[in-house]
Amino acid sequence: MTAFFTHEDGRYTATRMAVSAWSSEQLAGTAVCGLLAHELETHSPGPQFVPARFTVDMFSPILNEPIELRSSIVRDGNRIRVADASIVQHDRVRARATVQFLIASAEPPGEIWQPTHDLPIPDTRLDRPEGAPPLFKSGEFDWTHDFASGVNAHRKAAWNNVPTLIEGTPITPFERAAFVADTTNLVCNWGTAGVGYINTDVTLNLSRLPEGPELGLQARDHVSANGIAVSTATLYDRAGALGLSTITALSNARRQVDMAAFAERENLPVSAN
């Protein structure tokens, strides 16, 4: 199986690829965000509009059971369209999302301060049509597929080629960006003892859609106190930065995720040391 979901009779069923590292009975936030983006993109006014803000609230676990998607247009204007979507299981809303589609236009005149981006890009290309395991980078270390490589306190980045989201349907640039945005929790909250935070939301802001199958994410900021963390990462491709992703996360120390153990369980690349 090379897709995260199958679709039949109006319902989506997850494959093993969509299962969470936290629990085999729940779905990963990456897959959830991608699925909600898939639904919201059906309300796009057209290619001249950019899905400039995508926000997901994940207030209940998404069970590894069939999913019903519901969506509607909230506001429809010449330059802005807003749409909402929700995931329903057992007649209960378990996650919701909203998107703002903004019309693309020319940049205004003048110069504006911009940060200097140090965005690492691997020499290795992840451009296979079926997707590929991600590459990870910690601090000044080299890129690696090793899921154990992030057990340190260095700044992290990930480089992704996301496989097909819905079986039989090519993944779109927006679905790809939404999926990768949820890995902000990984690049920003992965430390010397694994991943001890679980994010309750994702907000993705895009100035443009990604180009090509590869998409990077680099930790930008992390603030935490009282078991609550706020983290931001930069999304980018080989052409440069394209947006930001921000998450709010809760301490989940009793169920700390060991990424190396998860990788071994799922037959993903991991070193022996």
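Looking only at residues in region 22-38 that are open to solvent by 30 Å² or more (accessible area, probe 1.4 Å) and in contact with a strand residue (DSSP E or B) (Cβ under 7 Å, 6 or more places away or on another chain), which one is nearest to Gly168 (Cα to Cα)?
The initial filter retains those residues of region 22-38 that are open to solvent by 30 Å² or more (accessible area, probe 1.4 Å), namely 22, 24-26, 38.
Next, from what is left, pick out any that are in contact with a strand residue (DSSP E or B) (Cβ under 7 Å, 6 or more places away or on another chain): 22, 25-26, 38.
Details: Trp22: 28, Glu25: 25, Gln26: 23, His38: 13 Å.
Checked region 22-38; the qualifying residue nearest to Gly168 (Cα to Cα) is His38.
So that you can scan it fast, the table gives a plain yes or no per residue for (1) part of a loop (DSSP other than H, G, I, E, B); (2) out of contact with any helix residue (DSSP H, G or I) (no Cβ under 9 Å at 6 or more places or on another chain):
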| position | (1), (2) |
| --- | --- |
| Phe5 | no, no |
| Ala21 | yes, no |
| Thr30 | no, no |
| His43 | yes, yes |
| Pro51 | no, no |
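Restricted to region 77-104, and to residues that are among the charged types (D, E, K, R) and touching a Pro at 6+ places or on another chain (Cβ under 8 Å), which residue is surrounded by the most Cβ atoms within 10 Å (Cβ to Cβ)? Please lay out each step first, then the result.
Of the residues in region 77-104, the ones among the charged types (D, E, K, R) are 79, 81, 84, 91-92, 94, 96.
From the residues that got through so far, the ones that are touching a Pro at 6+ places or on another chain (Cβ under 8 Å) too are 81, 94.
Working: Arg81: 21, Arg94: 19.
Once the filter is applied, the top-ranked residue is Arg81.
In contact with a helix residue (DSSP H, G or I) (Cβ under 7 Å, 6 or more places away or on another chain), of a type in the set (Ser, Thr, Tyr) and in contact (Cβ under 8 Å) with a residue 24 or more places away in the chain, is that true of Ser60? Before the answer, list the steps.
Details: in contact with a helix residue (DSSP H, G or I) (Cβ under 7 Å, 6 or more places away or on another chain): no; of a type in the set (Ser, Thr, Tyr): yes; in contact (Cβ under 8 Å) with a residue 24 or more places away in the chain: yes.
Criteria not met by Ser60.
Go over the candidates Ser60, Ser71 one by one and state the one that is within 16 Å of Gly34 (Cα to Cα), of a type outside the set (D, E, K, R) and either surrounded by fewer than 19 Cβ atoms within 10 Å (Cβ to Cβ) or at pLDDT 95 or above (or both).
Numbers: Ser60 fails: within 16 Å of Gly34 (Cα to Cα).
It is Ser71.
Quick test for you: out of Asp182, Asp221, pick the one residue that is among the acidic types (Asp, Glu) and in contact (Cβ under 8 Å) with a residue 60 or more places away in the chain.
Details: Asp221 fails: in contact (Cβ under 8 Å) with a residue 60 or more places away in the chain.
On inspection, the qualifying residue turns out to be Asp182.
Of the residues Arg176, Arg238, which is in contact with a helix residue (DSSP H, G or I) (Cβ under 9 Å, 6 or more places away or on another chain) and on the phi < 0 side of the Ramachandran plot?
Working: Arg238 fails: in contact with a helix residue (DSSP H, G or I) (Cβ under 9 Å, 6 or more places away or on another chain).
It is Arg176.
I'm told Ala52 meets every condition in (1) closer than 23 Å to Ile247 by Cβ; (2) more than 17 Å from the chain's Cα centre (by Cα) except one. Can you identify the failing condition by its number?
(2)
Let me confirm something: among Val74, Val93, Val99, Val82, which residue is of a type in the set (A, V, I, L, M), in a strand (DSSP E or B) and more than 20 Å from Asp201 (Cα to Cα)?
Residue meeting the stated conditions: Val74.
Taking into account only those residues within region 53-71 that are hydrophobic (A, V, I, L, M, F, W, C) and not in a loop (DSSP other than H, G, I, E, B), which is nearest to His7 (Cα to Cα)?
So, considering only residues that are hydrophobic (A, V, I, L, M, F, W, C) and not in a loop (DSSP other than H, G, I, E, B), the one nearest to His7 (Cα to Cα) is Ile67.
Could we say that Thr13 is under 29 Å from Val195 (Cβ atoms), out of contact with any Lys or Arg (no Cβ under 8 Å at 6 or more places or on another chain) and surrounded by fewer than 16 Cβ atoms within 10 Å (Cβ to Cβ) here?
Working: under 29 Å from Val195 (Cβ atoms): yes; out of contact with any Lys or Arg (no Cβ under 8 Å at 6 or more places or on another chain): yes; surrounded by fewer than 16 Cβ atoms within 10 Å (Cβ to Cβ): yes.
Yes: the conditions hold for Thr13.
Among the residues of region 243-265 satisfying the criterion of being free of Cβ contacts under 8 Å to residues at least 24 places away in the same chain and surrounded by fewer than 14 Cβ atoms within 10 Å (Cβ to Cβ), which is farthest from Thr192 (Cα to Cα)?
Top of the filtered list is Arg265.
The values are calculated or read from the model by the stated rules, or taken from the named source; none is laboratory data. What you are looking at is a predicted structure, and each value in this text was computed from that prediction instead of being measured. Because the Cβ atoms are built from the backbone with ideal geometry, glycine has one as well, and the counts that use them run over all protein chains shown. Surface areas here come from the heavy atoms of the whole protein model, side chains and all, with no ligands, DNA or RNA. Shrake-Rupley method; radii C 1.70, N 1.55, O 1.52, S 1.80 Å.
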